[in-house]
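Notes follow the structure.
The values are calculated or read from the model by the stated rules, or taken from the named source; none is laboratory data. All figures in this text were calculated on a predicted structure; none of them were measured in a lab. With ideal geometry, Cβ positions are generated from the backbone for all residues, glycine too; neighbour counts draw on all protein chains shown. The area values use the complete protein model at the heavy-atom level, side chains included, leaving out ligands, DNA and RNA. Shrake-Rupley method; radii C 1.70, N 1.55, O 1.52, S 1.80 Å.
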Amino acid sequence: MHYYFFHGKGGVGKTTVSSAFAVRLALEGEKTLIVSTDPASNLSDVFEQAIGDIEKNIEGIDNLYAVSMNSDAEVLKYKQKVLGDSTNFLPKEVLDSIEEEFKSPCVSEIAFFNSFTEYFLKKDYDNIIFDTAPSAHTLRLLELPMEWTVYIDEVKKGAGQTCMGPVVNLDGYYEQYKAALNVLKDPKRATFVFVMRPKELDFLEIKSGADEVGRFGVKNIEIIVNGVLPDELIHKPEFKDIIDGQRKILNKVGLLPFKTLKIDLKNKEVKGLNSLKVLFSSFLGSSGEGKIAFVNYIDFKLKNNEVIKSITPEKTPFYLFFTGKGGTGKTVSSLLFGKYFADKGMKTLVVSADYSKHIAKIGGLENLGEFPVKSKYDENLYFAAISPDIALDEYKEKTVEYFKTYSANEESLKVLNEELNSPCTEEVAVFKKFSSYFFGYKDYDVIIFDAAPTGHALRFLYISMQYAKIGKKDAVTEELVKILKDSNKTLFSLCLYLEYSPIEEAKRAYDDLKAAGIDTSFLVINYILGNNFNDGFFNGRKKMQETYIDTVRQKFGIPLFMLPQFAGEINGMKTLNSLYSLVF
């Protein structure tokens, strides 16, 4: 039995690549199971057939099975353990906030931990492949077996009590945890595959991720560079800069001590068994690159100007949020709009909570913090960056202090502390930090937020804000909620690119925001291939994009702001300005 774990940031193609790899193993006669541990799984989209929480044979391939983990039952049990007798003494507002948090996909990470480790006890497959969530979620998921096995050993020596209750309740899972730990650290049984696009920031994140799992004792690491421009385009002069840039990234990847595979960019979307069967077709060693450029710029500018006119509020200050799955261009969109408003003479602040500090790299600012710093290049443009770690620490401290005013139950407090250590708390913590910019920076005309909270986070925030209303009215809270829901004050935009999964995920986010009382003002459609892409290689992708544009218009019915596929990576103000000149 061999286990494969696919890592990588959002948007690099983990699900597609891991699915294609599973298909290849199955076609070679090996009985293979692919498991999605991602709460926002796209397995059904990629295979074009329904995949649920029960293992099923993929239609069309005898040896391939798939399952998308659904932890509803585990969440229910976890919920009962967390709440316990708390329903007898906690205020309704507090219970409502806890109920809302249980709706978070991140809670599934804790709740289905036991289900995840059960796969390490299976004996009826040759391979099990985990299509995991983006890197931070994955690394936490993989930390748990290592933390808990040691933790249970230590607790046994003491009082026998854990934050999840008596250790006897967990001891039944002890061998299961041990089995998982043994597999994860055995290079003959487990392979960690990092998926990336041929970009500098992706490369840096992959290096960091490899170091992370290396500290856990993981030795068998491989890298897949996805979306590389095929060799057939090397002779075309318009691709020289792109090819040179990606060759540098491929060379850097080649210097790492890991086996590496290169997958060429395909001329159409990879979806369905036929396209999955042929995905693995080239290996690192030949030249190649995977990013492109050029569009009918005049058409783009005219259409985009119409969008700008339709969404620019008349009153200032106004607030603009960009959200979307990883890899859809949120940071670049935030910076482009920031530059646009600054060029119009409006004092503009762009605020990010991105761990990778992409905004600081592009803006040429080394020590960017939560206090605004003026751009070196634009008189009216300012940048700020929130540390998710600091925001989370502050949120945890305040939440615990508040909980103690209502309960002295030590076991409940331990459970609360564990829950607060979960990544699911971070989104709300960051947005509470974001909220300070609504009141402390009135001298700005525009404040743009890179990475908006989800509809779930907003609903949870609204409920958690009710804490302050117990015994007194909270005017600040009411004003913030009022601003967020006022489309004359605050705009929300969703970023996506024209493939099935990003569109469907954007629609779910659109509906989720609407459930929170917020209408999405416009969409940013990224990586558009324009009329200058007349090479035969791009005809399939252009046709696909044209079809999906119609789909997007029908699904959303709101203005579309188009961003062209750019030649190279946006990694500084020079490249940002080049893209800016194409779209505004």
Query raised in the report: Based on the Cβ-Cβ distance of Leu95 and Tyr402, what FRET efficiency does E = 1/(1 + (r/R0)^6) give at R0 = 22 Å, to the nearest 0.05?
Result: 0.95
Report summary line: Rounded to a whole %, the carbon-and-sulfur portion of the accessible area of the range 371-415 at a 1.4 Å probe is 53 percent
Requested in this report: Starting from the Cα of Lys315, draw a straight line to each of the lysines and keep only those under 17 Å, dropping any in the same chain fewer than 8 residues away.
Outcome: Lys344, Lys347, Lys442, Lys482, Lys485, Lys489
Query raised in the report: Taking amide hydrogens as modeled 1.01 Å from N in the peptide plane, which residues meet the under 5 Å criterion relative to Leu320, leaving out close sequence neighbours?
Result: Ile447, Ile448, Phe449, Leu491
**Report entry** Charge context of Asn42, other residues only, Cβ under 14 angstrom, K/R +1, D/E -1
**Finding:** -3
Report task. Evaluate E = 1/(1 + (r/R0)^6) for Glu48 and Phe537, where r is the Cβ-Cβ distance and R0 equals 22 Å; express this FRET efficiency to the nearest 0.05. Result -> 0.40
Query raised in the report: Karplus couplings for the range 18-30 from phi (6.51 cos²θ - 1.76 cosθ + 1.60, θ = phi - 60°), rounded to Hz, Gly and Pro as x?
Result: 5, 5, 5, 5, 4, 4, 4, 4, 5, 5, 7, x, 9
Query raised in the report: Once label points are set 7 Å from the Cα along Cα→Cβ at both Phe216 and Ser581, what is their separation, rounded to one decimal in nm?
Result: 4.6 nm
Query raised in the report: To the nearest 0.05, how large is the calculated FRET efficiency for Asp241 and Glu411 if R₀ is 41 Å and r is the Cβ-Cβ distance?
Result: 0.10
Requested in this report: For the range 374-414, run through the trypsin sites (Lys or Arg not before Pro) and keep only the ones in DSSP coil with at most 11 other Cβ atoms within 10 Å of their Cβ.
Outcome: Lys376
Query raised in the report: When only the heavy atoms of the protein chains count and the probe is 1.4 Å, how do Arg197, Arg553 rank by accessible area, highest first?
Result: Arg553, Arg197
Report summary line: Going through Lys9/Lys259; Lys207/Lys236; Lys31/Lys555 one by one, the pairs whose alpha carbons sit over 27 Å apart turn out to be Lys207/Lys236; Lys31/Lys555
